[in-house]
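Reading through the structure tokens given below for one structure.
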Amino acid sequence: MRVLVVEDERRLALALRHGLTAHGFTVDVAHDGPSGLAQAMDHGYDVVVLDVMLPGLNGYRVCSRLRACGSDVGILMLTAKDGEWDEAEALDTGADDYLSKPFSFVVLVARLKALARRIGSRAPRRTVLGDLVVDSAARTCTRAGTAIPLTPREFAILDHLSRRAGEAVSKREILDAVWDNAFDSDPNTVEVRVSALRRKIDTPFGRAAVQTVRGAGYRLAADGG
């Protein structure tokens, strides 16, 4: 799951990034309202963890502008404030959830997972391509009824390709979708992960679902190969 943390307290933002990454999330960070709004609009995040007290544009205004533009990204607001009126304002502007500082990191992760499940219920939870089944909500993959263990990065690549099944997806797009913005590397890095993915979901089953599209990237066969 791709998460954008918009938090002006840099030490807290860094701690959240490290902690959430360790839990398998792909995390980007912004430190003010305008840049947070721009990133949330320009990238396909699943959830935005949004502080209320931000320079340039407060969290309430960032949230309301995202909703006004039609964004259905999950939004969890963080604030040092407390009280039912602040919570009501957060929810009224379009936030999905609310957590007051100081907060438990364990609770934050649990809230994000719960929010991800709700988001998943609004989108296709399972993609069936022949005998290949990709369950985005459960983060599982099966082929011909056999469970295939994948690393978080391998699953993220497969999940992204499955949402675009039958279409060519560039290495750069895969990098942008699966790795965070701080990851600056040659797109050929994707080749290593895709090769590992093939060895797990294709080779043992005599399939060729993950196809190389010369000069364009990769494509997951719409029929599962």
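The values are calculated or read from the model by the stated rules, or taken from the named source; none is laboratory data. Since this is a predicted model, take the numbers as computed values, not measurements. Positions of Cβ are backbone-derived with ideal geometry, glycine not excepted, and every protein chain shown enters the neighbour counts.
In table form, for the structure just shown:
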| quantity | calculated |
| --- | --- |
| Selected residue (criterion: farthest from the chain's Cα centre (by Cα)) from residues of the range 192-208 that are of a type in the set (A, V, I, L, M) and over 14 Å from T146 (Cβ atoms) | A208 |
| Only one of A88, A13, A110 that is free of Cβ contacts under 8 Å to residues at least 40 places away in the same chain, of a type in the set (A, V, I, L, M, F, W, C) and surrounded by 16 or more Cβ atoms within 10 Å (Cβ to Cβ) | A13 |
| Some residue of the range 189-207 being touching a residue at least 60 places away in the same chain (Cβ under 8 Å), farther than 29 Å from H23 by Cβ and not in a helix (DSSP H, G or I) | yes |
| Those residues of the range 210-220 which are touching a residue at least 40 places away in the same chain (Cβ under 8 Å) and either more than 13 Å from D159 (Cα to Cα) or aromatic (F, W, Y) (or both), in sequence order | V213, A216, G217, Y218 |
| Residue in the range 132-175 that is modelled with the lowest pLDDT, counting only those that are surrounded by 16 or more Cβ atoms within 10 Å (Cβ to Cβ), among the hydrophobic types (A, V, I, L, M, F, W, C) and part of a strand (DSSP E or B) | V169 |
| Selection within the range 176-206 - among the hydrophobic types (A, V, I, L, M, F, W, C) and modelled with pLDDT under 85 | A177, V178, W179, A182, F183 |
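Okay, residues lined up against (1) more than 18 Å from W179 (Cα to Cα); (2) modelled with pLDDT of 85 or more:
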| site | (1), (2) |
| --- | --- |
| L16 | no, yes |
| V29 | no, yes |
| L76 | yes, yes |
| D82 | yes, no |
